[in-house]
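Report on the structure given below.
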């Protein structure tokens with residue numbers, strides 16, 4: 001039986017991507033400026049991990065009514081409440097955001113009393129912790145350093161594998177993707193927490209993977225058609241990898257949609273941000289990191 005490869009686009013496509021590079025540059029600059037302005041004006045909706053708050057692990061003697069329990073705790077007005085299962089249906093994680101370190105212990109006692117007065121479950125408090133604002137600041141610094149070091153490591157990797165021009169191109173694309181992701185978090189007001197950092201690192205990894213595939217084909221075509229204009233070589237390379245790019249983005253988005261709709265409230269912001277990041281990562285690989293190489297036409301590529 002003969003097997004045929006799955007293709008979402010024809011084998012020999014000839015889209016003139018380079019014809020849109022000025023439009024894509026203008027659009028990306030406009031979106032980048034807009035996102036930076038949104039972050040500067042609206043900032044982020046920091047979650048418990050960064051703003052500080054209470055974290056409690058509780059086991060009940062029967063499966064609890066989570067929506068009602070979440071409503072009761074929210075009505076206390078002591079801060080943002082995140083209530084979810086972890087492990088089994090009887091194991092609960094209760095997290096309450098609070099920027100005041102003085103009120104943390106008082107709120108812990110209030111939560112315990114409220115749950116006891118409103119529910120007949122036997123509650124076993126297996127772990128009670130609180131994160132102060134100072135710890136949150138340290139986590140923000142650590143998250144920022146993680147992104148900076150990932151940028152540098154990726155740039156060095158691409159530089160060693162290809163040429164320094166490719167490293168600069170992928171760095172510009174990654175900075176673009178991260179700024180748009182941060183702007184998305186600022187505009188949507190999703191909780192900005194440690195899972196957000198994980199989502200941004202996931203976006204960086206996806207975008208790099210996509211860019212490296214296109215770069216590899218560009219390098220091959222530069223060796224084969226070295227006398228052709230750089231615009232034609234980039235266009236040819238993007239078209240030749242277009243089927244792979246569309247298949248990758250489609251399958252990844254389909255898998256991520258399952259997390260968006262069925263992953264639950266705990267990872268909802270993570271899933272939505274990754275979904276958005278996959279789209280902008282694909283866009284930047286085709287319309288930013290590849291066309292940016294035309295700025296180095298006077299240099300000799302390997």
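Worth pointing out:
- The residues listed here are 171, 194; of these, the one that is touching a helix residue (DSSP H, G or I) at 6+ places or on another chain (Cβ under 7 Å) and farther than 19 Å from residue 32 by Cβ is 194.
- Residue within the range 239-246 that is touching a helix residue (DSSP H, G or I) at 6+ places or on another chain (Cβ under 6 Å), at negative phi and in a loop (DSSP other than H, G, I, E, B) present: yes
- Candidate set from the range 86-100 (those that are modelled with pLDDT of 80 or more and closer than 22 Å to residue 51 by Cα); member that is surrounded by the fewest Cβ atoms within 10 Å (Cβ to Cβ): 93
- Evaluation of residue 270 against the conditions (1) farther than 30 Å from residue 93 by Cα; (2) modelled with pLDDT of 90 or more shows that the sole unmet condition is (1).
- Meets criteria (assigned to a helix (DSSP H, G or I), touching a strand residue (DSSP E or B) at 6+ places or on another chain (Cβ under 8 Å), surrounded by 13 or more Cβ atoms within 10 Å (Cβ to Cβ) and not assigned by TED's automatic domain parsing to the domain that holds residue 64) for residue 185: yes
- Residue ID - modelled with the highest pLDDT, chosen from residues in the range 40-68 that are crowded, with 16+ Cβ neighbours inside 10 Å, in contact with a helix residue (DSSP H, G or I) (Cβ under 7 Å, 6 or more places away or on another chain) and in a helix (DSSP H, G or I): 50
- Condition check for residue 139: assigned to a helix (DSSP H, G or I), in the same structural domain as residue 285 (by TED's automatic domain parsing), modelled with pLDDT of 85 or more and within 29 Å of residue 280 (Cα to Cα): no
The values are calculated or read from the model by the stated rules, or taken from the named source; none is laboratory data. Since we're looking at a predicted model, the values are computed, not measured. In this analysis, Cβ positions are derived from the backbone assuming ideal geometry, glycine residues included, and neighbour counts consider all displayed protein chains.
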